[in-house]
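One structure is given here, and the rest of the page talks about it.
The values are calculated or read from the model by the stated rules, or taken from the named source; none is laboratory data. Just so we're clear, the structure is a prediction, and the values are computed from it rather than from any experiment. Here the Cβ is made from the backbone with ideal geometry for all residues, glycine too, and neighbour counts use every protein chain on show.
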Amino acid sequence: MKSKVTLILGGNRGDRELLLNEAVKFITERNTLLLKSSVYETEAWGGIAEGPFLNQVIQVRSSFDPMTFLGFIQKIETDLGRRRAEHWGDRTMDIDVLFWNDRIIDTPELKIPHPFMSQRKFVLVPLAEILPEFVHPIWKKTSRELLSLCEDDSIVYLYKK
C-alpha cells in the first residue's frame, strides 16, 4: 500500500540550496513527489546551531514501510554530508518525517507525527503553505491553526537567491 509521507528538509552548512535540491532529487528517485513548498530561510532554532537554515516541506507517495523509509532518508542525510555530532547543531541536511498519512507511530527510533512540529515556525510556515487544511491526527487542528497558535517568534523568510 502506498502512503502519503510529509517531510521537512533543511540545512545550514555548505551550498544550502544545492543540498536541498539534491535531497528532494534523491527522495523522489524512489518516491512520487506530490507537493513541494517554497524554500524558506530561517534563523537557527534551539540555541546550538549558528547561521540561517534553508527549509522546505514536501509530500511524497511512498511504498516503503516507515522504518525502511527512515533508513532511506538517514542514508540520504549521510550521503549529503550529515554528521550527527551535536543535537540541534549545524548540519548539511536534516530530513524529518512530519506525517505518515494520519498514522500515529511511537517507537524509540521514530515518532510520527513529529513531536515538536507545533513549536517550530520553520516547519509550520511551509507546511501551512502546501497542506493548510490537513488535520493533525493527535491535536485535531489544521496546519494553519497550528501556525496561528505557535509561540515561536523566530522569523521565517521566503528564500530569495
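Scan the stretch 112-134 for residues that are among the hydrophobic types (A, V, I, L, M, F, W, C) and either part of a loop (DSSP other than H, G, I, E, B) or exposed (fewer than 14 other Cβ atoms within 10 Å of the Cβ) (or both) and the total you get is 3.
Does the stretch 144-161 include one or more residues that are over 22 Å from GLU17 (Cα atoms), at pLDDT below 95 and not in a loop (DSSP other than H, G, I, E, B)? Looking for residues that are over 22 Å from GLU17 (Cα atoms), at pLDDT below 95 and not in a loop (DSSP other than H, G, I, E, B), one finds none in the stretch 144-161, hence no. Scanning the stretch 43-71 for residues that are at pLDDT below 90 and in contact with a Pro (Cβ under 9 Å, 6 or more places away or on another chain) gives GLU43, ALA44. Taken as a whole, the stretch 94-111 holds no residue that is among the hydroxyl-bearing types (Ser, Thr, Tyr), assigned to a helix (DSSP H, G or I) and at pLDDT 95 or above. Restricting the stretch 143-153 to residues that are touching a helix residue (DSSP H, G or I) at 6+ places or on another chain (Cβ under 8 Å) and surrounded by 13 or more Cβ atoms within 10 Å (Cβ to Cβ), the residue that is farthest from THR6 (Cα to Cα) is ASP152. Just one of the listed residues (LYS36, LYS4, LYS25) is of a type outside the set (Val, Ile, Thr) and either buried (at least 21 other Cβ atoms within 10 Å of the Cβ) or closer than 20 Å to ASP102 by Cβ (or both), namely LYS4. Take the conditions (1) under 13 Å from the mean Cα position of the chain (by Cα); (2) free of Cβ contacts under 8 Å to residues at least 24 places away in the same chain; LEU98 misses just one of them, which is (2).
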